[in-house]
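What follows is a short report on a single structure.
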Amino acid sequence: MVSKMSSELEVLEERKRIVEEQEERLKIKMGKIGHKIAVISGKGGVGKSAVTVNLAVAFAVNGYRVGILDADIHGPSVPKMLGLSGRRLEVGPPGIFPVVGPFKIRVVSMDFLLPDENAPIIWRGPLKMAALRQLLSDIVWGELDLMLIDLPPGTGDEPLSIAQLLPEMDGVIIVTIPSEVSQIVVKKAVNFARTLGLPIIGVIENMSGFICPNCGAKIDIFQSGGGEKIAKEMEIPFLGKIPIDQRICEDSDRGKPFIIEHRDSPASKALMEIVQKIERFLNQKENKGGEK
Ligand code: ADP
């Protein structure tokens, strides 16, 4: 009995040691990344991944060395949006290397671990986080100025547990759509960020109105503007509104960054303004001597 207990204790001790060692490696591997920002949403389908990808491209065009961690483990869509479907992570002596995409954006996605594009991802049960921690601790990102982390949709346990695996993040961006905008969604996002001990960089209202490509008139399909009002009420920064543009959908499917393909569109301009606001947040943080 006593020896059984002591061997169980030994197993627990060993597991603890492995986790600590992985966390240490994760810290070292991610230590060369200037800024890390998590992108969250209240639910799926609001454009979190499309916004993440286009923001990443905009930062890369502005001269940043950018990485994307597609941590949406059940529905990874970043590779497709960047034309990287079917690519695989390469393994070398120091660890696992991200796939290098357009504008040298380094991408890690669960999609790169699947046998083919249509295979469902089976990340279930208690081993899920352990497997993810191990994977992340082996990724060799190299030197990056910015990493955007596309978390699974929602503000529940799963995105939170994944975010908790990642050391020293700068803040959280919430992507929402006008019909979803509610105090509840924003409150949940605030709680999410608070649990992580991170600031909310701001709210992005995506699919906010539709601009007629023929006449330029703006039609508020889902009553745009609610995000700004609620952000104000909740005293959270508002980053901007991105209109509906069917070309975002088409470009995502073609694996071409919309912000490059249609750089003069109102949606691209809105994205560029959002990038400036995020840059301001990051610069202020650096000037305050915030930890990098
Ligand atoms: P999420 O990551 O929140 O689940 P996605 O980024 O996959 O959502 O977006 C869902 C779909 O909506 C995708 O086909 C995407 O290209 C499209 N989409 C996102 N934002 C817009 C927009 N502003 N206008 C038109 N389509 C959009």
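Note on the chain: the C-alpha convex hull projects to 17.4 nm² when averaged across all orientations. If the chain linking ASP157 and VAL100 were pulled fully straight, counting 0.36 nm for each residue of separation and taking away their Cα-Cα distance, it would gain 17.5 nm. Label positions at ARG17 and LEU196, each projected 7 Å from the Cα along the C-beta direction, are separated by 3.2 nm. For region 1-141, the relative contact order is 28 percent, taking Cα pairs closer than 8 Å that sit 6 or more residues apart in sequence and dividing their mean separation by the residue count. Shape of region 27-150 from its Cα gyration tensor (a ≥ b ≥ c, root eigenvalues): rounded if a/c is under 1.5, otherwise prolate when a/b > b/c, or oblate? The shape class here is rounded.
Ranking of LEU12, LEU196 by neighbouring Cβ atoms within 10 Å, starting from the fewest: LEU12, LEU196. When you restrict to C-alpha pairs under 8 Å that are six or more residues apart and normalise by the size of region 223-292, the relative contact order lands at 26 percent.
Simple rule: put +1 on each Lys or Arg Cβ and -1 on each Asp or Glu Cβ in region 32-287, find the dipole, and look at ILE274, ILE173, THR195; the Cα lying farthest toward the positive end is THR195. Between ALA130 and GLU143, the modelled label-to-label distance comes to 3.8 nm, taking each label 7 Å out from Cα in the direction of the beta carbon.
As a proxy for reagent exposure, ARG87, ARG15 were ordered by neighbouring Cβ count within 10 angstrom, fewest first; the result is ARG15, ARG87.
Peptides 4-10, 206-212, 63-69, ordered by how many other C-beta atoms sit within 10 Å of their residues on average, highest first, read 63-69, 206-212, 4-10.
Can you check how the C-alpha radius of gyration of region 131-283 compares to 2.2 N^0.38 Å, as a plain ratio?
Compared with the compact-globule rule of thumb, region 131-283 sits at 1.13.
A simple charge model with +1 on the Cβ of Lys and Arg, -1 on the Cβ of Asp and Glu and nothing else charged puts the dipole of the chain at about 320 debye relative to its Cα centre. From the residues VAL61, ILE33, GLY44, which one has its Cα farthest along the dipole of the chain in the positive direction, the dipole being from +1 and -1 charges on Cβ of Lys/Arg and Asp/Glu about the Cα centre? Projecting each Cα onto the dipole axis, the largest value belongs to VAL61. Taking label positions 7 Å along the Cα-Cβ direction at both ASN62 and ASN214, the computed distance is 3.6 nm, reported to one decimal. Across the chain, Cα pairs under 8 Å and at least six residues apart give a relative contact order of 23 percent. Dividing the radius of gyration of the alpha carbons in region 1-91 by their Kirkwood radius gives 1.16 for Rg/Rh. Between helix 48-61 and the chain there is an angle of about 80 degrees, using the helix long axis and the longest principal axis of the Cα atoms. Going Cα to Cα from LYS27, which lysines come in below 18 Å? Please leave out same-chain ones fewer than 8 positions away. The qualifying lysines are LYS16, LYS36, LYS292. Taking the Cβ-Cβ separation of GLU233 and LYS277 as r and a Förster radius of 25 Å, what is the calculated FRET efficiency to the nearest 0.05? Result of the calculation: an efficiency of 0.85. As a calculated quantity, the FRET efficiency between ILE184 and ARG254 at R0 = 51 Å, using C-beta atoms, amounts to about 0.90. If I fit a long axis through the Cα atoms of helix 266-287 and take the longest principal axis of the Cα atoms of the chain, what angle between them do I get, 0 to 90°, rounded to 10? Around 50 degrees separate the two axes.
Largest GNM mean-square fluctuation among SER109, SER161, SER252, using the chain with Cα springs under 10 Å: SER161. Neighbour counts of C-beta atoms inside 10 Å place LEU132, LEU146, LEU26, LEU127 in the sequence LEU127, LEU132, LEU26, LEU146, starting with the fewest.
Each reported figure results from applying straightforward, stated rules to the coordinates on display, with no laboratory input. For clarity, every value in this text was computed on a predicted model and none was experimentally measured. Note that each Cβ is placed from the backbone with ideal geometry, even for glycine, and that neighbours are counted across all protein chains shown.
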